[in-house]
Amino acid sequence: MRRVVITGLGAVTPLGNSVEETWAAIKAGKSGIALIDRYDTTPSNIKYAGQVKNFEAEKYMDAQAARKMALFTRYAVAAAKMALDDAGLTGNADVLAKAGIYLGVGIGGFEVIENNCIKWYESGKKRVNPMTIPQLIPNEASGNIAIAFGIHGPCHTIATACSSGTDALGDALDLIRSGRRDVCLAGGAESAINGFTIDSFAALQALSRARVDDPTKACRPFDKDRDGFVMSEGSGVLVLEEYEHAKARGAKIYAELAGYGSSNDAYHLTAPNPDGLQGAAAMTEAMNDAGIKPEDVVYYNAHGTSTHKNDSGETQMVKIAFGDAAKKLHISSTKSMTGHMLGATGAVEAIITTKAVSEGFVPPTINLDNPDIEGGCDLDYTPNKGIEMNVDCAMSATLGFGGHNGVVVIRKVSGN
């Protein structure tokens with residue numbers, strides 16, 4: 001089976017507009033969550049989110065093209081450019097023309113929907129911006145990446161809610177393994193911080209709202225005092241490449257994308273099955289795909305949303321999949337710092353996991369002051385301070401509305 005390695009990384013997150021800025025903040029245990037300043041939150045119970053800050057689209061793309069894009073697409077094109085620059089592939093027309101794109105997007109341009117619905121009603125249902133549909137549909141991000149960089153291979157959008165970014169990586173992995181492509185951009189993008197989307201999630205009683213005085217403390221996975229997830233936004237893109245192809249061109253190799261597993265709870269539209277069986281099955285499938293055993297995994301980047309049902313249910317999944325090895329596993333939820341980026345979250349967390357492997361650092365779960373032992377959260381979640389240590393093999397998982405479970409295994413490249 002052809003091996004697939006990671007040769008480029010790009011990210012736009014609430015912690016920074018690059019992988020380097022994001023990773024430095026992760027290592028420092030810094031939160032990117034703050035009061036929302038994008039719109040008036042006075043009528044809403046939700047006052048904070050993980051907003052991208054000081055983002056200038058013109059640094060990464062043509063200014064005129066950017067004006068025709070929704071925000072999630074701008075983030076995606078920027079992350080893709082950074083990843084291609086990092087991989088040394090920008091301007092390599094021969095390679096890019098044959099490459100593919102798999103991008104996870106859970107929602108798409110909801111600010112476009114909100115703004116244009118308001119304008120439509122205010123005009124007496126007579127005016128519609130002609131760019132409304134091209135901006136809001138989820139596949140426009142991958143389409144704009146293809147246009148920007150001359151990528152002519154498969155250009156697909158994966159929509160499996162919060163698992164979208166992880167599933168995009170899994171599909172890209174299979175594409176390269178099959179021999180149909182040697183290079184593929186894979187990742188996710190999302191921007192859903194607007195009044196309509198935020199209040200829609202709030203109606204599900206899913207969002208944190210209790211810490212307006214200090215939003216940096218709001219996202220607290222596995223903590224007894226958690227009260228919901230924090231909406232966030234951004235994009236992460238990875239360049240995946242067949243191992244021999246990467247070696248032949250002298251590419252820098254971060255790590256190997258070694259395995260992927262996927263399952264569905266078939267239980268509930270918004271809640272995970274508390275028995276944890278199908279989430280555990282996806283973890284086991286990913287380990288089998290990578291040819292490893294539970295005791296080989298040093299670090300697990302958890303979905304860890306800071307909701308009561310997810311954190312206890314995910315802990316149960318880990319216990320089933322890892323057995324006795326779960327007690328020795330280093331776990332963290334980096335959402336405690338980034339917030340929940342929906343369709344982008346799996347891609348950004350895969351980047352963080354890749355950095356954990358390549359640099360030997362287990363990120364912390366910040367705000368974990370009072371572990372919810374009574375709720376079943378009784379494993380090692382790396383509370384509040386990261387650990388410098390060798391990380392030969394790691395796993396990252398995302399769990400989405402609709403029962404979707406996606407898992408990837410990332411490890412050091414032997415023989416590199």
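The values are calculated or read from the model by the stated rules, or taken from the named source; none is laboratory data. This structure is a prediction, so every number in the text was calculated from the model and none was measured. Cβ coordinates were reconstructed from backbone atoms using ideal geometry, including for glycine residues, and neighbour counts include every protein chain displayed. These accessible areas exclude ligands, DNA and RNA; they are computed on the full protein's heavy atoms, side chains included. Shrake-Rupley method; radii C 1.70, N 1.55, O 1.52, S 1.80 Å.
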Legend entry - ³J(HN,Hα) computed for each position of the stretch 290-304 - Karplus, 6.51 cos²θ - 1.76 cosθ + 1.60, integer Hz, glycine/proline x: 7, x, 10, 10, x, 5, 7, 7, 8, 10, 10, 7, 7, 4, x
Legend entry - Where trypsin sites (Lys or Arg not before Pro) fall in DSSP loop in the stretch 72-127, at most 12 other Cβ within 10 Å: K125, K126, R127
Legend entry - Per residue accessible area in Å² of the chain, where ligands, DNA and RNA are left out and the probe is 1.4 Å: 38
Legend entry - Whole-Hz ³J(HN,Hα) from phi, Karplus 6.51 cos²θ - 1.76 cosθ + 1.60, for the stretch 101-113, glycine and proline x: 9, 10, 10, x, 9, x, 10, x, x, 6, 5, 5, 4
Inset, instruction - Would you work out the charge dipole size for the chain about its Cα centre, treating the Cβ of every Lys and Arg as +1 and the Cβ of every Asp and Glu as -1, and quote it to the nearest 20 debye? - result: 760
Legend entry - Radius, Kirkwood style, for the chain when every pair of distinct Cα atoms is counted (Å): 20.9
Inset, instruction - From largest accessible area down, sort S164, S263; use a 1.4 Å probe on the protein chains. - result: S263, S164
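Heavy atoms only, probe 1.4 Å: what % of the accessible area of the chain goes to carbon and sulfur, would you let me know?
51
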Legend entry - Directionally averaged shadow of the stretch 357-416, computed from the convex hull of its alpha-carbon atoms, nm²: 5.8
Inset, instruction - Could you tell me the accessible area of H152 in Å² (1.4 Å probe, neighbours in place), rounded to the nearest ten? - result: 140
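From the helices alone, meaning DSSP H stretches of at least four residues, give me the mean residue ellipticity at 222 nm for the chain, per-run term -39500 (n - 2.57), in deg cm²/dmol to the nearest 500.
Numbers: 14 runs with 143 residues, N = 416.
Roughly -10000 deg cm²/dmol at 222 nm, from the helical runs in the chain.
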Legend entry - Segment E388-R38, length gained on full extension (0.36 nm per residue, minus Cα span): 122.3 nm
Inset, instruction - Scan the stretch 1-107 for GluC sites (Glu not before Pro) in coil per DSSP, keeping those whose Cβ has at most 13 other Cβ atoms within 10 Å, and list them by number. - result: E56
Legend entry - Amide H partners (placed H, <5 Å) of C155, local residues excluded: I101
Inset, instruction - Go through Y300, V105, S336 and say which Cα lies farthest out towards the positive end of the charge dipole of the chain; charges sit on Cβ, +1 for Lys and Arg, -1 for Asp and Glu. - result: V105
Inset, instruction - Take the chain, connect every pair of alpha-carbon atoms lying under 10 Å apart with a spring to form a Gaussian network, then pick out the residue of I145, I137, I101 with the largest mean-square fluctuation. - result: I137
Inset, instruction - Work out, in µm²/s and without decimals, the Stokes-Einstein translational diffusion coefficient of the stretch 272-372 at 25 °C, 0.890 mPa s, Rh from Kirkwood over C-alpha pairs. - result: 173
Legend entry - Sites matching trypsin sites (Lys or Arg not before Pro) across the stretch 312-413 that sit in DSSP coil, with at most 16 neighbouring C-beta atoms within 10 Å: K385
Legend entry - Net dipole in debye of the stretch 163-226 [+1 Lys, Arg Cβ; -1 Asp, Glu Cβ; about Cα centre; nearest 20]: 140
Inset, instruction - Putting +1 on Lys and Arg Cβ atoms and -1 on Asp and Glu Cβ atoms, find which of P272, I373, T398 reaches farthest to the positive end of the dipole of the stretch 258-416. - result: T398
